[in-house]
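The values are calculated or read from the model by the stated rules, or taken from the named source; none is laboratory data. Note that the structure is a prediction, hence the values are computed from the model and not measured. Here the Cβ positions follow ideal geometry from the backbone for every residue, glycine too, while neighbour counts run over all protein chains shown. Keep in mind that these areas ignore ligands, DNA and RNA; they rest on the heavy atoms of the full protein, side chains included. Shrake-Rupley method; radii C 1.70, N 1.55, O 1.52, S 1.80 Å.
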Amino acid sequence: MRTAKRIENLPPYLFVEISRKIAEKRAQGEDVISLGIGDPDIPTPSHVIERLCQAAQDPQNHRYPESEGLPEFRNNIAQWYKGRFSVTLDPDREVLPLIGAKDGIGHIALCFIDPGDIALVPDPGYPVYSIGTMFAGGSSYYMPLIEDNDFLPDLDSIPADIARKAKVLWINYPNNPTAAVAELEYFERVVAFANKYDIAVCHDGPYTEVAFDGYRPLSFLEVAGAKDIGVEIHSLSKSYNMTGWRVGMAVGNAGIIDALRRVKSNLDSGIPQAIQYAAMEALTGSQDCVKEHNEIYQRRRDRLLQILNQIGLKAKPPRASLYIWARVPDGYNSIEFATTLLDEAGVVVTPGVSYGKHGEGYIRLSLTIPDERLEEAMVRLMAWHKRKST
Ligand SMILES: *Cc1c(COP(=O)(O)O)cnc(C)c1O
C-alpha cells in the first residue's frame, strides 16, 4: 500500500514527547492540569440545547440536510451580521453555513489552490491554513507574526513576486495563538494589498465575540471593499460554547461562497438540521450568555496574568480570544519550558513553536478551564517558582 504524498507531507506532531508524558502521568494516577486546550469548559447555553432536543424529535430533521443549509438559517446569519457589525449580506449568495469553521478553512484551499500555487499564511497560526493548502498541492508563504508588529503580518515585507503569485491571504483576528487584535486601519491595508495583487482574503474570525473590558472586535467585512475580494469564516464554537456541535459559517464575496458551496456539496451533505435550529436559537435568542461567559474569561485572565507576573512570565493582557500568549523565561525554548512545567508542576501549556517557528519563545495558556482547576494550576505554578528560586 502506498499512501499519497499529502499524507507523508503532514507535519510531524511536535509535542509527541509532551503528549506521551501526559498520558504516562495520568496512567500513574497523577493529576495533570491542562491549560493547553482551546475548548470552552462552560456548557452550551440551556435554551440552545432545548431547541436542539426539540428539533431532534421532528422527523423532518432526520433526513439529509441541504448542503447550503436551511434558508431560515442563512437569513438568521445575515441578520446577525447586520445587527452585530452593520454588515449587509445576501442570505442566498453571500452566506454559507459550515460544519464548523474548520470545514470552511480546509475546503477553501480547494477553491483557490492548484498544484504549485501559493497561499500567504500567518506564522504562528492555526495549522489548517497551511495544511489545507498542502492538501490542494500548493505551498504556504509564511508571514511572521511578531510582537514588534503587534502580531500583524507586515504586508510590505512580502516580496512582490510572491505576492503576484499568491492566490489567498489568510488572516485571523482576534488571533489564535497570540491573542492579538486588528483595527479597521489594518484591515484597510489588507484590502488595498489584496486589490493590488489580485489575492482573495480569508479572514478567520471565530473569536470576535470573546472579548474583554467592553472591547468589541471588528468584522473584516466592515471595511469598504472587503466583500469584493474576501470572505470571513465564523463559528458558533467559541461564541456559544458549541465546539461539540460543529456549526459555523462563511460569509462575504458571492464568487468565493459559490465556489465553496460547490466544493462542499460534492464532499458533505450539510449540517444536521437539528443543529441548524440550535444555531438559529443561539444567534437570535438572548445574547446575555455571551456577556456572562466573557465575564468569566476576563476574571480568569486577570487571575492568571497576576500569577504569571509574580512568577516572572511576561504577557500582555489580551483584549480578546481565549488565550494568554506569554514569553518563556530566558534559558528555555518553548518545548523545554512546557516540558519543565509538566514535569515539575503537573501543568500543561502549549509550546508556541507548535503554531509555527515564529511562535518560538512563547507559550499559550488557555482560559477554558474551570475556576477551581485554574486556581489549583496557579497554586502549583507559584510553588514551582518558589522551589526554583530558593
Ligand atoms: C477554534 C478555531 C477554529 C475552529 O472552529 P470550529 O468552528 O470549531 O471548527 C478556527 N480557527 C481558529 C483560529 C480557531 O481557534
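A few notes on this one:
- Condition check for Ile296: away from the ligand (no atom under 14 Å from the Cβ), in a helix (DSSP H, G or I) and surrounded by fewer than 19 Cβ atoms within 10 Å (Cβ to Cβ): yes
- Residue that is open to solvent by less than 60 Å² (accessible area, probe 1.4 Å), at pLDDT 95 or above and not basic (Lys, Arg), where the choices are Gly312, Gly244, Gly270: Gly270
- For segment 109-164, the tally of residues that are under 17 Å from the mean Cα position of the chain (by Cα) and over 26 Å from Pro12 (Cα atoms) stands at 1.
- Number of the exception - Lys165 against (1) open to solvent by less than 40 Å² (accessible area, probe 1.4 Å); (2) more than 13 Å from the ligand (Cβ to nearest atom): (1)
- Residue match in segment 122-131 (condition: under 18 Å from His358 (Cβ atoms) and among the acidic types (Asp, Glu)): yes
- When Glu360, Glu336 are checked against the criterion of being open to solvent by 50 Å² or more (accessible area, probe 1.4 Å), within 24 Å of the chain's Cα centre (by Cα) and under 24 Å from Pro11 (Cα atoms), Glu360 stands alone in meeting it.
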